[in-house]
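To keep things clear, I will list the structure first and then write my remarks on it.
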Amino acid sequence: MELEDIASEYRGAVLGDRRRSERLERIGLDLARNPGLSFPEAMGTEWQLEGLYRFLNNDEVTFEAVHAPHAEQTRLRCQGHERVLVLHDTTVLTFNGDREGLGRIHDAGAARGFRLHASLAVTPTRTPLGVLGAETWARTKPPLRDLNRRHLRADPQRESLRWGRAVRACEQRLQGTTRAIHVMDREGDNYDLLSELEAAQSRYVIRLSHDRRLVGERDKLREVVGRAPNLFRREVHVSPRAVGRPRDHHAPREAREATLEVSAMAVTLSRSSNFAPGSPPSLKVNVVTVLERDCPKGQEPIAWYLVTSEPIDTAEQVAELVDAYRARWVIEELFKALKTGCQIEKGQMESYEALRIALALFLPIAVRLLALRDAARTEPEQACSALTARQLQLLRACGRKPLSATPTNLEVYLALAALGGHLRSNGPPGWIVLGRAYEKLPVLEQGWAAAHANGDPIDD
C-alpha cells in the first residue's frame, strides 16, 4: 500500500457531510506519515489538532463509517486473488485513567479498556491485504456468576458469538468473488460455531482446544487421530517466546529447530453436552494433526489439531492447510503494529467512542506498516514506494545505513530500523524500533525545512 494511496483507505466514508469526509482523508494521510507520534505531534498545528478532536467527538462520525472505506478497498484487493485467508482473532486495548465507556479487562483489577475482534485478509503467502471486518466492545457490566454452561449458551449477547458474526460479515462483503478460508486459533473451537460454518458451507481451518468425543469411538479425538499414518515431515524453526505473554496457556520457550510429523483423517464429532438449541447431533469434519517429535526436555512440544472443511486427499492439500494455520500469526503482528507501531493505547481521548474512532483511523495504517515489513521479506529487491521522496532524502542524509538512488523495500526497511536504534545482534527488527523511526522522521523533516527556509524548496 503506497503512501499516496493511503487516502483511498478513507475515501467515500458516509459521515453526513462532504467536508467531514474530506477531513477524514487529510487526517488519515497525516497520521500515516507519522504513525508513531502522538496526535499533537502528528497534526503539526494547533488548529489541525483541534479539528482532529472535533472529528473524533462528532456524533455523526462512527467507527463503522470510518472503517468502511478500508474494508471496501480490502475487498477489491481480495478480488485479485483466487484464494485468500481470513485470519480472525481478538485483542485487548488497555488505557490509562478513567474514561467514559471503557470496561473491565479482567474480572478483578482496575485496568480499563475494550476489546477488538478483527478479520485480516492475507494471501496464501501471508501478504496482508487489509481488515475486512472489525468490531469492538467494552465489558461494562459486572461479570456473570452462578450460571452454568447451558445458561451461558442461551445468552444471545454472549461474546463467543462474535466469531460467527465475523465470518458472516466477511462472506457478505466478499460476495463469493474470491475463495476465502477462515482461520482461527483455539478460541474458535466451539461446536455451535462449527455447526454454523458447516451449515453455511463456509471454509475454515480452526485449531482445536478440546479433546472431543467422536461418534462410534470409545477413545477421544486426540487418541484416534494420533493413530493416523504420517503423510510427511517438516523441519521448521521455532521462534523464542518470552515469559509474561498475555495469554496464560502460552508457555515461554527457547528458539529451536523442530521436526514435525503431519497426518490427517476424517472423523465425526459428537455434539457437546452444553450445545445451543438447534445444534446437530454430530458433524463430519477433517482433522489435520501436527506433532513435534524429539522435543528438547523441559520444552512444550508443538501439538496442533486442526479441524477443517477442506479436503485432505493428498499430502499437498494437507500441507496447504498447515501453511494456512501457520499464517495465523500475521494477525498477531497486526495487533503489535497497532499497539507499538501506531501507539494506539497511548491515545488521550476521553471516551470509548472517540477511542474506537481513533482505532478505525489506525487500522489501515497498521496494515500499511505490516505490508512494509512483509515487502522487505517477500519482495526485497522491488523499489520501495512506502515513503515520500522527502522522507527517502532525509533517510539517505541522516540515517545510519546508506541508501541507493532507487532504494529497495529491504534497504528502506533496514534503514528505518537503524534509524530507530536497531542492533543486528538483537535479531530481526521489531515494531518498537520501527515506531521509533517513524517518530524521528517528522522531527528530521521539520529541522530540514527550517534549515532550508531561505533556500530551494524540498520536493515531495
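Couple of notes before you dig in:
- Looking only at residues of segment 174-186 that are surrounded by fewer than 19 Cβ atoms within 10 Å (Cβ to Cβ) and under 21 Å from the mean Cα position of the chain (by Cα), we find that the one that is nearest to residue 330 (Cα to Cα) is 186.
- Any hit, segment 51-71, residues being in contact (Cβ under 8 Å) with a residue 12 or more places away in the chain and of a type in the set (Lys, Arg): no
- Residue in segment 302-319 that is farthest from residue 220 (Cα to Cα), counting only those that are polar (S, T, N, Q) and assigned to a loop (DSSP other than H, G, I, E, B): 314
- Yes/no for residue 200 being closer than 28 Å to residue 82 by Cβ and either modelled with pLDDT of 90 or more or surrounded by 14 or more Cβ atoms within 10 Å (Cβ to Cβ) (or both): yes
- Meets criteria (surrounded by 12 or more Cβ atoms within 10 Å (Cβ to Cβ), part of a loop (DSSP other than H, G, I, E, B) and over 30 Å from the mean Cα position of the chain (by Cα)) for residue 280: yes
- On inspection, residue 135 fails the criterion of being over 20 Å from the mean Cα position of the chain (by Cα) and modelled with pLDDT of 90 or more.
- Breaking point among (1) in contact (Cβ under 8 Å) with a residue 40 or more places away in the chain; (2) part of a helix (DSSP H, G or I); (3) surrounded by 15 or more Cβ atoms within 10 Å (Cβ to Cβ), for residue 86: (2)
- Considering residues of segment 335-351 that are of a type outside the set (Val, Ile, Thr), at pLDDT below 95 and assigned to a helix (DSSP H, G or I) only, the residue surrounded by the fewest Cβ atoms within 10 Å (Cβ to Cβ): 346
- Condition broken by residue 221, with the remaining ones in (1) in contact with a Gly (Cβ under 7 Å, 6 or more places away or on another chain); (2) touching a residue at least 40 places away in the same chain (Cβ under 8 Å) satisfied: (1)
- Residues of segment 234-244 that turn out to be in contact (Cβ under 8 Å) with a residue 60 or more places away in the chain and touching a Lys or Arg at 6+ places or on another chain (Cβ under 8 Å), as a count: 1
- In segment 12-57, the residues that are part of a loop (DSSP other than H, G, I, E, B), buried (at least 17 other Cβ atoms within 10 Å of the Cβ) and out of contact with any Ser or Thr (no Cβ under 7 Å at 6 or more places or on another chain): 34, 35, 36, 37
The values are calculated or read from the model by the stated rules, or taken from the named source; none is laboratory data. For clarity, every value in this text was computed on a predicted model and none was experimentally measured. Backbone-built Cβ (ideal geometry, glycine too); neighbour counts: all protein chains shown.
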